[in-house]
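See structure below.
Please treat every number below as a calculation from the coordinates, not as lab data. In this text the structure is predicted, and so the values were computed from the model without any measurement. Here Cβ is always computed from backbone atoms with ideal geometry, including for glycine, and neighbour counts include all displayed protein chains.
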Amino acid sequence: MVKKGKKEKKVKGAEKTAAKMEKKVSKRSKREEEDLEALIAEFQALDSKKTQVVETACPPPSPRLNASLSVHPEKDELILFGGEYFNGQKEWTTVVLGHSTPGLRPGQRFDRVICIIKDMTFLYSDLFFYNIKKNSWTKADVPNPPPRRCAHQAVVVSQAGGQLWVFGGEFASPDGEQFYHYKDLWVLHLATKTWEQIKATGGPSGRSGHRMVACKRQLVMFGGFHESTRDYVYYNDVYTFNLDTFTWARIAPSGTAPSPRSGCQMTTTPEGAIIIYGGYSKVKVKKDVDKGSHHTDMFLLKNEGKEGQDKWAWSRINSAGVRPTPRSGFSLAVGPNNRTVLFGGVYDEEDDESLEGDFYNDMYFYDMVKNRWFTGQLKGPKTEKKKRRRDKKAEEEGAGGEAGVERVAPQEPVEIVKEIVGEDGTVMTIKQVISPPSAQGGASDSESEEEEEGSEAGGAEAATVEPCPRSNAMTTVKHGVLYVYGGMFEVGDRLFTLNDFYSVDLHKMDEWKVLVEMDPKTQEWLEESDSEGSSDESDEGATGGDDEEDDSDDSEEESKEGEENDHPPVKPGEEYGDYLSRTEEYWVKVSRANMGPEAKEKKVVKVARAMAKVLYDGLV
């Protein structure tokens, strides 16, 4: 009996201690939330000093990510609102739950991983208009704007001269350690450029990283997340907001819903259904240890009710084609021909001590009618190809006879050499020798012309300026042109927020156009990183060899190149997706041979696809 009494006392003592800790954490959480609300109020007082709308021509907006970039429904303009800025140095450290740094991967939160030790997070509530025809920016200072925020959602509708609807998002303290999630709804009347807060009950809880689209006469919102100093939660709930009655409603679709997530793709189909793809979430696997997931599944949300009835249902989509590799922080826009465009993003390798990210600048298209994914490949400018063909034809006609042939210098074989660095540090070299058209003795003129076009396209692609890899950029499509603004990327342990601006015609898919160049200091860091990476690779390749090498060693290496260059060729007119599906098994074997038997299968496949992409880009 004595032992039992002691045991009961210990249990009660532990319960009392836990209750005290819970009360203490709750008080701290409430106090921090009150501090944030006071800080938001201070910023709001500064931002609300304007008594009338003032529009001024200005330089491009400052660097930012997680803003909203929307299309004006009645003008050739783009609308940029809000966002966040941070640049800093990463330091690996152990951080307790609730003190992880925001913004490192907006839409994600990593405990026991990283903190930013330089610079501070800064939030915006400013409003910009970009004139497409004039390639110029205008800042609109509008009285009583929404509080500063990022990771919100903005949807444009054409009613009443055009409206921009904004819901939710988050505010971060300057030191980046506290968050406040909004649950307010605002509308910007574009005709008068006035903000109005819509106070309607029954709406979603405070959150960021959610997604929202306009579907008929409703706004439909899905998912998102909320984090406090105590805990975090991801959502998979669905709300609708009626644009006629200004009322919220939470719907409960039948079927199997997507798992809770933030940062997914959400688009409406031509039939009025809604597609959900991808996203990110994390779950607690044990005390102070979380596991993140990059989702790659697809779902369809459809209203199966009759006119005026809400009878929503979820169903799973099994898409075809070449799907995007797993990632978070990707950007989405709806393009022409019922296709969505997915751009960039980052894939994070997480463990208890570090977080390493692979950033992307590739494009994927999803055809909503055919239910098929395919990669976005630039073709290169056509005008240059035609000019070279005309010049060549004129030269051949004007030269005439053998004398003309003698004046043309013989073309040497072109060797393409590119290196892929595996995630374990392994450097793999891809070499391919391309013979000139003249070497194809029996080739017809048309075949030679096609080969010339292919090599020119490859050259044009190599020289094409393109956005650097990034995540959380702002994208939108107007008149079939994709616009990409800002975002963030890493160089070593340094984090950068961008303000460069690009466009590409999705009908032509010829080349990226630079509308705002990258900041020179950021470009310098990027180039330094590239040069350091090259020197590291060369040093790695030099290990194990002597400083002086004989000519015989060189000749032996050259004799082996023939075997190394025997990679699967690209068939005429073959798309990258078809090439990859045809040759992926080969590239996996090459990758495995280079990375060794102990490399993880996921990393081997990833490097294999990168090698295939490099060869394809060099030949097409």
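Data table
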| read-out | value |
| --- | --- |
| FRET efficiency, Asp175 to Ser205 (Cβ-Cβ, R0 30 Å, nearest 0.05) | 0.75 |
| Gain upon complete extension [Asp367, Phe43; 0.36 nm per residue less C-alpha separation] | 112.3 nm |
| Residue-by-residue Karplus 3J(HN,Hα) for region 177-184, coefficients 6.51, -1.76, 1.60, Hz, glycine and proline x | 10, 10, 10, 10, 9, 7, 10, 8 |
| Shape call, region 179-301: gyration tensor on alpha carbons, a/c limit 1.5 | oblate |
| Most to least packed among 585-594, 470-479, 213-222, 195-204 [average Cβ atoms within 10 Å] | 470-479, 213-222, 585-594, 195-204 |
| Long-range HN-HN contacts of Glu466 with modeled amide H, under 5 Å | none |
| Met298 long-range amide H proximity, modeled H, under 5 Å | Ile317 |
| For Tyr124, distant residues with modelled amide H under 5 Å away | Gly83, Arg149 |
| Segment Ser319-Asp141, length gained on full extension (0.36 nm per residue, minus Cα span) | 59.6 nm |
| Cβ crowding within 10 Å averaged over residues, with 170-181, 505-516 ranked highest first | 170-181, 505-516 |
| Cleavage-rule hits, GluC sites (Glu not before Pro), region 268-358, DSSP coil, Cβ neighbours within 10 Å at most 11 | Glu271, Glu307, Glu353 |
| FRET efficiency estimate (nearest 0.05) - Cβ-Cβ, Lys286 to Asp76, R0 60 angstrom | 0.65 |
| At R0 = 22 Å, FRET efficiency that the Cβ-Cβ distance of Thr245 and Ser158 yields, to 0.05 | 0.75 |
| 3J(HN,Hα) from dihedral phi, region 60-74, Karplus parametrisation 6.51/-1.76/1.60, rounded to Hz, x for glycine, proline | x, x, 5, x, 6, 9, 6, 8, 10, 10, 10, 9, 5, x, 10 |
| Cα shape, region 241-344, gyration tensor, a/c 1.5 rule | oblate |
| Gain in span if fully extended, Lys513 to Asp35, counting 0.36 nm per residue against the direct Cα distance | 167.6 nm |
